[in-house]
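Below: one structure, written as structure tokens.
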Amino acid sequence: MGNRPGALLFPVPHLTTWRFLMGYKVPDWKKSLDQNKFDVEVDGSTFLLPKAEYMTGAQVQRFSEADDVEGGVYTVLDEVSPGLGTAMKDVPVKYVKEFISEWQKDSGISLGESSASSS
């Protein structure tokens, strides 16, 4: 009987066979990406970015490291939604903070604070 990585092999008392149980299978999350967008309007242009809860681990990490990235949170916003960070550079920090707060509130999560959102 072969073993599958990450699977648990256990006897099923009422059956004469062994069963494999997987701990967790990640759902096909890419199917729902188009439905799970947060839109933000800046100077008449609309930008779509993933709802905060649908960001990848790499994107979340980039936000957590925004203070260490040249251009800070604006560079990271451009990576997540091309053009958004550039458009936000001319917006007062008060509104950048409000946007990030609303984006996080929409998903019920927090990505931490960057220097743009804490000044």
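FYI, it's all coordinate maths here, none of it is from the lab. These numbers were taken from a predicted model, which means no experiment stands behind them. Every residue, glycine among them, receives a Cβ derived from its backbone with ideal geometry; neighbour counts consider all protein chains shown.
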Simple label model, 7 Å out from Cα along Cβ direction - V69 to K37, nm: 2.0
Could you sort the peptides 70-83, 36-49, 88-101 by per-residue average Cβ neighbour count (10 Å cutoff), highest mean leading? 70-83, 88-101, 36-49
What residues have an amide H closer than 5 Å to that of V42, excluding those fewer than 5 places away on the same chain, when H is modeled at 1.01 Å from N in the peptide plane? F47
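What does the extension gain come out to for V60 and S101, with contour length at 0.36 nm per residue minus their alpha carbon separation? Mind showing how you got there, number by number?
Working: separation 41, 0.36 × 41 = 14.76 nm, distance 1.49 nm.
Taking 0.36 nm per residue and subtracting the Cα distance, the gain is 13.3 nm.
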If amide H atoms are built 1.01 Å from N in the plane of the peptide, which residues on other chains or at least 5 residues away come under 5 Å of the amide H of K89? none
